[in-house]
Amino acid sequence: MRVELAPSRRHYNQSMLQDLRYALRLLGKDFGFSAVAVLTLALGIGANTAIFTVVNAVLLRPLPYPQSKRLVLLYARDAKRPTGQGSFSMIRLNQLRSQSRSFSNVAGFCSDTFNLTGVDQPEQLTAARVSSNFLQTVSVHPALGRDFLPEEDREGAKPVVLLSYCLWQRRFGGNPNVVGSALTLDSGAYTVIGVLPAGLDLPAPGLDLLATNLYGFSRFTREQIRLGAGYITAIARLKPNVQIQQAQAEMDVLNGRYLHDNAGLVDANPDLRLMAGSLRSILVDNVKLALLVLCAAVGAVLLIACVNVASLLLARATGRRKEFALRAALGASRRDLIRQLLAESLVLALAAGALGLALAVAATRLASRSDQLNLPRAGEIHVDWQTLAFMLAVSVITAIFFGLLPSLQASKPDLNAILRESGRGTAGSVRRNRVRSALVISQVAVSMILLIAASLLGRSFLMLERVDPGFDPRHVLTMQVTLPAAKYAAASEKNNFFREALRQISAAPGVESASASLSLPLNSNVMVPIQVVGDALLPFGKRPLAYWQSITPDYFKTFGTRLVRGRFFTEHDNENGAGAAIVNETLARRFWPNQDAVGKHLIVARAELHVEVVGVVADVKTSTLDADTGGELYSPYDQRPWPAMYIEVKTTGNPLALAGAVRTQIARVDGDLPVTNVRSMEDVVADSFAQQQTTLWLLGAFAVIALLLASIGIYGLVAYSVEQRRQELGIRRALGARPSDILGLVLGEGLALTVAGVAVGLGGAFLVSRALAAMLFEVSPTDPLIFAGMALLFVAVALIASYLPARRALDVDPAVALRE
């Protein structure tokens, strides 16, 4: 039995190789057709391969840590703010670590910054403070040196740091002797105990170093931490056989216990709930929907490309009918013909796949380096064996998809009918081309869905751009300065620095005003509990929260924010003046509806901090342009000094051109302070919706490609139909048909296909667009103007595509056509 099968297999393999060689020769001779087919498919395969590479790295691939599926993120969520991951207090973290039974390890962390001084060029380093068991929790070991020790996590311990691999290479040239050396960070001596492994993106990507001792967080005092200030997030590892749902149930129990035992603390808020979520899922939540939308879009582009090539193959097969008939007459079976045609399809698909892979490599390099996409795990985006396997699989599947139908059609030649033909047949065009017509209708339908989706996102983006942010970002330069606690411990020292720095900056040429603030508009992230004086006194945890800003007097002048009532801060609102506050309109309406908020009194954060509302300003967007504005309270900086502040400079010209001069003025006050995050405010605003803009551009590009391919499909079908109906059109002309009649006949065929495709596409778009609702801003997923506009656009494009072959139909000479 084996002896009989071996020759058959050899024969089959030889036949396949012969088919592939013949396909290469044949397609090489028909270079024009091959080039069009390969380029069309390469667009679809390349786009799908690029998106797969991104999705595989971001959504599918496990985190690069042992048993990463058991890593969870522990965070706080306010019932009044159901999105995002909030922080909790050090007291809650200690409760979790001592009382939780669901986790084998719980490690807290918080973002921080350090000023590196004592070197030629001072630099601000991005850092995280972590529990001493952080690396143990994620099962990572230092690449050089040692891990943190438990005793280094206590207050008063000798400060130590672990350098990131990138900082070690960039600042210290990869010198292993850096371990054990001392660095001057925030005017204090820190000992380097090791170097982290390359590619570690926890607890956040791009960090320069890790420090332990969470009590040393630079932005809160020990007293604020003791009162329950929230600044901690945690990573935990589930115990074996414990599911995340069980951990969440235990968190709810612990949360109730915390509220009972710590009612007087700031974060003992009944609306605050501790959450446990899969670390990988949380990391990708903000980009998951956009990536899935792009996956669907590139899949649609590939589908349209396949349909286009299938139509080309059907038309090409018609011209090869005599060849197929002759081969069949000489003994070729239908199986042989199908195999030969599929071999040609496979050659086209593999050539397109190779070109598509080159496009994907270029696209993924751009994606991994793009800040606008804001992709988590961007450093892991690269073409690997999985990408190559995906490309090959898509190429083979694509070859079968676009090649099978033409192969089945062409492999059943009617020998008698074909061999009797003396020229082009005159068989009925619509009936003969019904398969190609169905393909064109599907192209139009899928293209319509893409166009409508892109248009909905486009209109949403335009609505977002028209939102009034409550400030004028033009000609405003921003930067950040962080004062080290060791050098600027007292409130007066902080006040003196910013007072002098802003005085120096304001005196510089080209500067209209200068100010400082805790955060920039669209980036407010500090909230405080407030209590209206005169109302029933509430515990800290039950007091309503408001966004809080600490600002210098010229802040509103710099941003052009409108004063509604009362006054702005002045230099008299200093550490010696009475407590003052300015509130936005939202907060004023919330607490004093139909009343004048000016003159009212509030208790902010701590019971002893009483302030009087001296002004009401227009709402400024606190987080994103598409989010509702929250209540916001502004305090004079001199009364609420903060170590890390943004400096804003209103200029008369290009703000970035003054960055060097502003740095010089700050250096005159303190030459050891690095200046970071230098950007124009217009760039800050643009960055707030950069991801939406990039998604829109990509989806719009895919929609345009789909429209172009569908138009080519309509053009090709109508042109082919005209060529096949030359005799019919000649007879019509000979019988007196006017040019307008011929033109209407041909245009009508293209229009009928388009209308059918548009109708199907509108129905599909009605269903698909609802999935986009979460990405839309002030736009209905079924906006009738967009649906109608895209339908009319497609009809217009189809008429143009049909008009060109229709014009050729008018040139048919009746005498010549009748002789064919």
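The values are calculated or read from the model by the stated rules, or taken from the named source; none is laboratory data. What you are looking at is a predicted structure, and each value in this text was computed from that prediction instead of being measured. Virtual Cβ from ideal backbone geometry, glycine too; neighbours counted across all protein chains shown. Heavy atoms of the whole protein, side chains included, go into the accessibility calculation; ligands, DNA and RNA do not. Shrake-Rupley method; radii C 1.70, N 1.55, O 1.52, S 1.80 Å.
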Item to check | Given charges at beta-carbon only (K, R positive; D, E negative), |dipole| of the range 584-706 in Debye | outcome: 80
Checklist entry - Using a Förster distance of 45 Å, how high is the FRET efficiency between Ile400 and Asp285, based on the Cβ-Cβ distance and rounded to 0.05? => result 0.80
Item to check | Helix-only CD estimate at 222 nm, as mean residue ellipticity for the chain, using -39500 (n - 2.57) per DSSP H run (n ≥ 4) | outcome: -16500 deg cm²/dmol
Item to check | the range 140-246: GluC sites (Glu not before Pro) falling in loop per DSSP and having at most 10 other Cβ within 10 Å | outcome: Glu155
Next on the checklist: So with the 1.4 Å probe, I'd like the accessible area per residue for the range 745-811, rounded to whole Å².
Outcome noted: 48
Checklist entry - Mind listing P(r) for the range 255-348? All alpha-carbon pairs, 10 Å bins, whole percents. => result 12, 20, 15, 12, 11, 9, 8, 8, 5, 1
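What does the C-alpha gyration tensor say about the overall shape of the range 541-600? Classify as rounded when a/c is under 1.5, otherwise prolate if a/b is larger than b/c, or oblate.
Prolate is the answer for the range 541-600, as a/c is 1.5 or above and a/b outweighs b/c.
How do 443-452, 52-61 rank on mean C-beta neighbours within 10 Å, highest first? Present the calculation step by step, with values, prior to reporting the outcome.
Working: 443-452: 27.2, 52-61: 19.5.
Highest mean packing first, the order is 443-452, 52-61.
Over the Cα atoms of the range 55-153, Rg to Rh with Kirkwood Rh, two decimal places?
Values: Rg = 16.7 Å, Rh = 16.5 Å.
Ratio of gyration radius to Kirkwood radius: 1.01.
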Checklist entry - Ignoring any ligand, DNA or RNA, what whole percent of the accessible area of the chain comes from carbon and sulfur when the probe is 1.4 angstrom? => result 58
Next on the checklist: Need one number: nm distance between label points at Glu223 and Thr191, each 7 Å from Cα along Cα→Cβ, rounded to one decimal.
Outcome noted: 3.3
Next on the checklist: Under the 0.36 nm per residue contour assumption, what length would be gained going from the current alpha-carbon distance of Ala263 and Arg565 to full extension?
Outcome noted: 105.0 nm
Checklist entry - Given a cut-off of 13 Å, what percent of all Cα-Cα pairs of the range 92-150 lie beyond it? => result 71
Item to check | Sparse-neighbour loop sites [trypsin sites (Lys or Arg not before Pro); the range 136-200; at most 14 other C-beta within 10 Å; DSSP] | outcome: Arg146, Arg154
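Could the peptides 245-251, 118-124 be put in order, highest first, of the mean number of other beta-carbon atoms found within 10 Å of their residues?
Details: 245-251: 16.0, 118-124: 12.4.
Order by mean packing, descending: 245-251, 118-124.
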Checklist entry - With the dipole of the chain worked out from charges on the C-beta (+1 for Lys and Arg, -1 for Asp and Glu) around the Cα centre, which of Val307, Trp385, Ala42 lies farthest toward the positive end? => result Val307
Checklist entry - So for the pair Arg21, Leu656, with labels modelled 7 Å out along Cα→Cβ, what separation do we get in nm? => result 6.0
Checklist entry - Please identify the trypsin sites (Lys or Arg not before Pro) of the range 44-112 that satisfy two criteria: DSSP loop assignment and at most 13 other Cβ atoms within 10 Å. Which are they? => result Lys80, Arg101
Item to check | Nearest 10 degrees, 0 to 90: helix 434-465 Cα axis against the chain principal axis | outcome: 20
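Grab the Cα-Cα distance for Leu359 and Arg668, subtract it from 0.36 nm times how many residues apart they are, and report the gain in nm with one decimal.
Result for the pair: 106.2 nm of gain on full extension.
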Item to check | From phi via Karplus (6.51, -1.76, 1.60), per-residue ³J(HN,Hα) for the range 664-670 in Hz, x at Gly/Pro | outcome: 4, 5, 5, 5, 5, 7, 8
Checklist entry - Using a ≥ b ≥ c from the Cα gyration tensor of the range 625-688 (square roots of the eigenvalues), is it rounded, prolate or oblate, where a/c under 1.5 gives rounded and otherwise the larger of a/b and b/c decides, a/b for prolate? => result oblate
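Can you give the FRET efficiency for Gln67 and Arg474, using 1/(1 + (r/R0)^6), R0 = 41 Å, r = Cβ-Cβ distance, to the nearest 0.05? Can you show the working numbers first?
Working: r = 51 Å, r/R0 = 1.25.
The pair Gln67/Arg474 has a calculated efficiency of 0.20.
Could you order the peptides 501-511, 746-756 from most to least packed, using the average number of other C-beta atoms within 10 Å per residue?
Highest-to-lowest ranking by the protection proxy: 746-756, 501-511.
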Checklist entry - What's the angle, to the nearest 10 degrees (0 to 90), between helix 385-410's Cα axis and the longest principal axis of the chain? => result 30
Checklist entry - Computed over the Cα atoms of the chain, what is the ratio Rg over Rh, Rh following Kirkwood? => result 1.09
Checklist entry - Roughly how many debye, to the nearest 20, is the charge dipole of the chain about its Cα centre, given +1 on each Lys and Arg Cβ, -1 on each Asp and Glu Cβ, and no other charges? => result 3660
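Where Rh denotes the Kirkwood radius from the mean inverse Cα pair distance, what is Rg over Rh for the range 87-219? Intermediate results must be reported in sequence, preceding the final value.
Values: Rg = 14.6 Å, Rh = 15.2 Å.
We get a ratio of 0.96 for the range 87-219.
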Item to check | Spin-label zone in the range 202-224 - amide nitrogen under 17 Å from a point set 7 Å from the Cα of Phe172 along the C-beta vector | outcome: 207-212
Item to check | Separation in nanometres of the label points that stand 7 Å from Cα toward Cβ, at Trp697 and Asn677 | outcome: 2.4
Checklist entry - How far, in nm, would the chain grow between Ser98 and Val242 when pulled straight, counting 0.36 nm per residue and subtracting the alpha carbon separation? => result 50.1 nm
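Suppose R0 equals 60 Å; then what is the FRET efficiency for Asp30 and Gln595 from their Cβ-Cβ distance, rounded to the nearest 0.05? Let's see the in-between values first.
Working: r = 82 Å, r/R0 = 1.37.
So the FRET efficiency works out to roughly 0.15.
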Checklist entry - What is the range 516-652 by shape, rounded, prolate or oblate, if you read a ≥ b ≥ c off the alpha carbon gyration tensor as root eigenvalues and call it rounded for a/c under 1.5, prolate for a/b larger than b/c, and oblate otherwise? => result rounded
